[in-house]
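Derivation of every value follows stated rules applied to the coordinates shown; laboratory data play no part. As the structure is a prediction and not an experimental result, all values here were calculated from the model. Reconstructed Cβ throughout: ideal geometry from the backbone, glycine too, with neighbour counts over all protein chains shown.
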There are 2 protein chains.
Amino acid sequence: MAMRDNGTEQLIKDTAKRIFFAEGKTNATTQDIADAAGVTRTLVNYYFRSKDVLFKRVFDEAMIDTRNRFDEVLSAPLAFPKKVEKFIDVFYNEALKFPYKEAFMISEINSHEFALKQKEAPEALKIFLQDIKKEMDNGTIKKMKPMNFMLNLFSLMAYPLLTRPLFQRTFELTDTQYETLLKDRKKMILEILMP
Amino acid sequence: MAMRDNGTEQLIKDTAKRIFFAEGKTNATTQDIADAAGVTRTLVNYYFRSKDVLFKRVFDEAMIDTRNRFDEVLSAPLAFPKKVEKFIDVFYNEALKFPYKEAFMISEINSHEFALKQKEAPEALKIFLQDIKKEMDNGTIKKMKPMNFMLNLFSLMAYPLLTRPLFQRTFELTDTQYETLLKDRKKMILEILMP
DNA sequence: TTTTTGTTTGACATTAACGTCAGACAAAAG
DNA sequence: CTTTTGTCTGACGTTAATGTCAAACAAAAA
């Protein structure tokens, strides 16, 4: 086929994402990815010049993807509590599909090659911070630096996912038990943040 | 010297810890570590049979070290609020010394080779969970699963450290600004958890 | 058809990181 | 002193992972 066919390229990227984010094989080689995608390794080098390029592309697209997902909720015309609630839902649904994505991103973010593409803070985040400020002025939520409120929300959602392997084994919980725990947290997070 | 001398062995381990936890070079090679320690790479293989062994030892000792630090506070005969406050202090002091330790541990925990040494939950954690339960019964803190309270505490402390490179750059904060933010969080965490 | 263009493959070259080994060396034990 | 034991070094071999290349191939364009 002579037509510009990005089917294979997409397949490789999707496979890489699956391996990294869903299966948690952070040290996968290009061979592993090629095998899983059912193509030869040479093809990986044909579409992406090097392993590094592929990795960075996967990472960047994951960042953008996550941001878009967040933006949609955070800039939606919803009442504040509903917005937060929906945000938690979106976050957990993604986490359910890609259990290792968070941990992967944390690693990359903390690597020294990490560089931000966009310079400014995303518009949606700014809107959300303004929402938070407004709620504080209204007395709906406890007064603090809006940034701290946001950090709290992210923390309470994400951290139990990041440490899941440790906590689940330490307290000898089954998969379903831990998932119940996570599900319970949604209500609890809302109560804590907006008492 | 024919005397059993664990000076060099210790030096290598300490250097590795510094490189991983303080400098954040997670992909450091045995050569890097040997160079930084001022010894030949062969020595690394002499004391630790392989790279894997060295890495696992560093990780395991870091786990134990952290646990001991926590245990000391968590099982101390302190009033609950004081205990939590001190715990946050201990946590942040460690984070200040080893900014990348958390991220490193998260990576390891989420790798598929991760295995827990000890089977049971540490005694100190059990004590802490009982403390929490007691406070809830007393009505001092909001009722929830004690495990969730613990998760919240860890989350609120740790997550802003894990995502520091991302948040700091996104909102264009200087090092001192972010550290101020972190310092402010201590009071805020206490207020949130024990209103 | 022939040509052109993009796709795919297998074989090869390169490299970086790791592990081993024989032997040098120094200090304590005999 | 000689022997023994533990420490250290340099050189070497091995491997796994990556990257490159020429050529085969298929489909669209000429």
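Computed values, structure above
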| read-out | value |
| --- | --- |
| Long pairs among A:LYS101/A:LYS133; B:LYS17/B:LYS117; A:LYS56/A:LYS97, criterion Cα-Cα beyond 28 Å | A:LYS101/A:LYS133 |
| Label spacing, shortest first and in nm, from B:THR176 to its equivalents in the remaining copies (7 angstrom along Cα→Cβ) | 5.6 |
| For B:LYS56, label point 7 Å along C-beta direction: distances to other copies, nm | 3.5 |
| Descending semi-axes in Å of chain A, equivalent ellipsoid built from Cα gyration tensor | 35, 21, 14 |
| Compactness index (Cα Rg / 2.2 N^0.38 Å), the protein assembly as shown | 1.06 |
| Inverse mean reciprocal Cα-Cα distance (Kirkwood Rh) of region A:86-161, Å | 14.4 Å |
| Label point 7 Å beyond Cα along the C-beta direction, distances from A:PRO122 to other copies (nm, shortest first) | 3.5 |
| Over 18 Å between alpha carbons, listed pairs A:LYS145/B:LYS142; A:LYS25/A:LYS186; A:LYS187/B:LYS145; A:LYS143/B:LYS187; A:LYS186/B:LYS134 | A:LYS145/B:LYS142; A:LYS25/A:LYS186; A:LYS186/B:LYS134 |
| Sorted by Cβ density within 10 Å, fewest first, the residues A:TYR47, B:TYR100 | A:TYR47, B:TYR100 |
| Centroid-to-centroid separation of region A:150-179 and region B:50-64 [C-alpha atoms, Å] | 24 Å |
| Reachable aspartates and glutamates from A:LYS82, criterion Cα separation under 14 angstrom, eight or more residues apart if same chain | A:GLU72, A:ASP131, A:GLU135, A:GLU191 |
| Spread of Cα-to-Cα distances over 10 Å intervals beginning at zero, given as percent, for region A:30-108 | 16, 35, 28, 14, 7, 0 |
